[in-house]
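Asker: Next up is a structure, given as structure tokens.
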Amino acid sequence: MANYIQKFVYHLSNIVPLVVVAALAWHVQYKTWNIPIVLLVVAACITIVFAFCFIYGKNNCSVKHISVTSISSKDNWVVAYILAYLLPFADLVISDFNIVLLIVTSSMLLLVIVPAVLSLPNMLLFFSGYHFYEIGTDETGINDYLLISKRKRIRSKENVKTVLRVFEKLLIDTEEKD
């Protein structure tokens, strides 16, 4: 199971697309590269640390045999992510920003970074070709595990037999890509 630092890095990495959009919006608005370069370096550093933690977790988390009772795709969150997070955040670097928009966007960012138990899909993993599924199991009675998989479509609950447990409700599929 991942430690608290890896969990923090997993949640923190969700801000990378926001930081990249902020850098691009800043450059478009102010025609300078000073702040955008800093933001892009921060995004790159977070991405590298996240990649290291994810690969380390894939290689060292314990394998768990499960009996899946239900499975459904969770890839539809990407549209909501783009609309809810990226578009409003890009407006923050424009000189006449709205304070209400700043408060709402900051609150949404806190909801992404702070959750202790909730496992959210990760945009960096989605860009890397991973897909997300919500599964339920017999053993625990929990019906909202998040399964990360390279497989494009998992249609049958019998197709998931073993997983890696990353943290509370986050699992990684051990099967190869379809």
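Asker: Considering only residues that are exposed (fewer than 12 other Cβ atoms within 10 Å of the Cβ) and hydroxyl-bearing (Ser, Thr, Tyr), which ones fall in region 129-151?
Answerer: Thr140
Asker: Of (1) at pLDDT below 85; (2) within 19 Å of the chain's Cα centre (by Cα); (3) closer than 24 Å to Ile135 by Cα, Leu18 satisfies all except one. Which?
Answerer: Result: Leu18 passes all but (3).
Asker: Give me the pairs: first residue in region 121-134 and on the phi > 0 side of the Ramachandran plot, second residue assigned to a loop (DSSP other than H, G, I, E, B), beta-carbon distance under 9 Å, and six or more apart or on different chains, which are they?
Answerer: Gly129/Lys150; Gly129/Lys152; Gly129/Lys177
Asker: What tally of residues in region 146-161 results from selecting those that are in contact (Cβ under 8 Å) with a residue 60 or more places away in the chain and within 22 Å of Tyr10 (Cα to Cα)?
Answerer: 2
Asker: When you scan region 66-83, do you find a residue that is part of a helix (DSSP H, G or I), modelled with pLDDT of 85 or more, surrounded by 13 or more Cβ atoms within 10 Å (Cβ to Cβ) and within 12 Å of the chain's Cα centre (by Cα), even just one?
Answerer: no
Asker: Condition first: touching a Leu at 6+ places or on another chain (Cβ under 8 Å), in contact (Cβ under 8 Å) with a residue 40 or more places away in the chain and either surrounded by fewer than 17 Cβ atoms within 10 Å (Cβ to Cβ) or among the β-branched types (Val, Ile, Thr) (or both). Now tell me which residues in region 32-50 satisfy that.
Answerer: Residue satisfying the conditions is Thr47 alone.
Asker: I'd like the full set of residues that are among the acidic types (Asp, Glu) and in a loop (DSSP other than H, G, I, E, B), limited to region 143-169.
Answerer: Asp144, Glu168 - these are the residues of region 143-169 that are among the acidic types (Asp, Glu) and in a loop (DSSP other than H, G, I, E, B).
The values are calculated or read from the model by the stated rules, or taken from the named source; none is laboratory data. Not measured: the values here are computed from a predicted model. Please note: Cβ atoms are built from the backbone with ideal geometry, for glycine as well, and neighbour counts cover all protein chains shown.
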